[in-house]
Amino acid sequence: MKKGLLIILSGPSGVGKGTVRSLFVDDPALNIAFSISMTTRKQRNGERDGVDYHFVTQERFKEAIENDELLEYAEFVGNYYGTPMDKVEELRLQGKNVLLEIEVQGAIQVKAKVPDALTIFIVPPSMEELAKRITGRKSEAPEVVAKRLEKASKEMELVGQYKFVVCNDDPKLAAEIIALIIKRHMEMA
Ligand code: 5GP
């Protein structure tokens, strides 16, 4: 059996990664398993533990780092996020294409370990539009929104780290483009 791809999807906060992802992740032709990250961030309304993230304490996260349980991890606006290693390799060996939705520092760490990872960065149509989307999301305090916006500009500078850049002007179109990129790589693998 062919080993599955490792796909990294990144993009600044508010760009709509989750929406775009939801439009292609269940396509049976893509055979994707979504990697559920561990985070110390507080659960938002509507998020489910063990589905969207594994929500953990700082202590548990530190323990995961010390026990070498994480493929990568990063600090993002005051919280830690990391990819549990065990499932990623297991699923790829089962032929699944594993999707990591992670920020840029984590993506750089994964690329160093898995050079043939397929890297995709989603960009907003403009920074003004991104600011509107982040501000419009009512789940965060104004100071967190400001920090996420500042972080977004820094993340945009690292777009050169990625093989593909897809603009999320229209989520359906962005999802179709990403699906096409994945399909081509499945044929090439
Ligand atoms: P949010 O708090 O908006 O869910 O996520 C903040 C940022 O952390 C997003 O860019 C998201 O893609 C990223 N992220 C989520 N999980 C992980 C992970 O396991 N590792 C890293 N490095 N970033 C992650």
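The values are calculated or read from the model by the stated rules, or taken from the named source; none is laboratory data. Predicted, not measured: the structure shown is a model, and the values here were computed from it. Glycine also receives a Cβ, built like all others from the backbone with ideal geometry; neighbour counts cover every protein chain displayed. Surface areas here come from the heavy atoms of the whole protein model, side chains and all, with no ligands, DNA or RNA. Shrake-Rupley method; radii C 1.70, N 1.55, O 1.52, S 1.80 Å.
Key figures
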{"item": "Nearest-20 debye value, region 6-188 charge dipole, Cβ charges on Lys, Arg, Asp, Glu", "result": "380"}
{"item": "Long-range HN-HN contacts of LYS3 with modeled amide H, under 5 Å", "result": "none"}
{"item": "Region 6-188: Rg to Rh, with Rh as the Kirkwood radius over Cα pairs", "result": "0.94"}
{"item": "Farthest positive-ward along the chain dipole, Cα basis, beta-carbon charges - from GLY4, VAL98, SER22", "result": "SER22"}
{"item": "For the chain, share of DSSP beta bridges that run antiparallel, in % to the nearest 5", "result": "30"}
{"item": "Quotient of Cα Rg and 2.2 N^0.38 Å for region 112-154, N being how many residues it contains", "result": "1.51"}
{"item": "Portion, in percent, of the accessible area of region 2-106 that falls on carbon or sulfur, probe 1.4 Å", "result": "48"}
{"item": "Amide proton proximity set for TYR53, modelled H, under 5 Å, gap of 5+", "result": "ARG48"}
{"item": "Kirkwood estimate for region 87-137, i.e. one over the average of 1/r between Cα atoms, Å", "result": "13.4"}
{"item": "Long-range HN-HN contacts of THR119 with modeled amide H, under 5 Å", "result": "ILE8, LYS163, PHE164"}
{"item": "Ranked by how many other beta carbons lie within 10 Å on average, peptides 4-10, 69-75, 131-137 from highest", "result": "4-10, 69-75, 131-137"}
{"item": "Residue-normalised accessible area of the chain, expressed per residue, 1.4 Å probe, Å²", "result": "53"}
{"item": "Calculated FRET value between ASN67 and LYS147, using beta carbons and R₀ = 30 Å, to 0.05", "result": "0.50"}
{"item": "FRET efficiency, 1/(1 + (r/R0)^6) with R0 25 Å, evaluated for GLU176 and ASP116 via beta carbons", "result": "0.60"}
{"item": "Exposure rank, largest accessible area first [SER126, SER37; 1.4 Å]", "result": "SER126, SER37"}
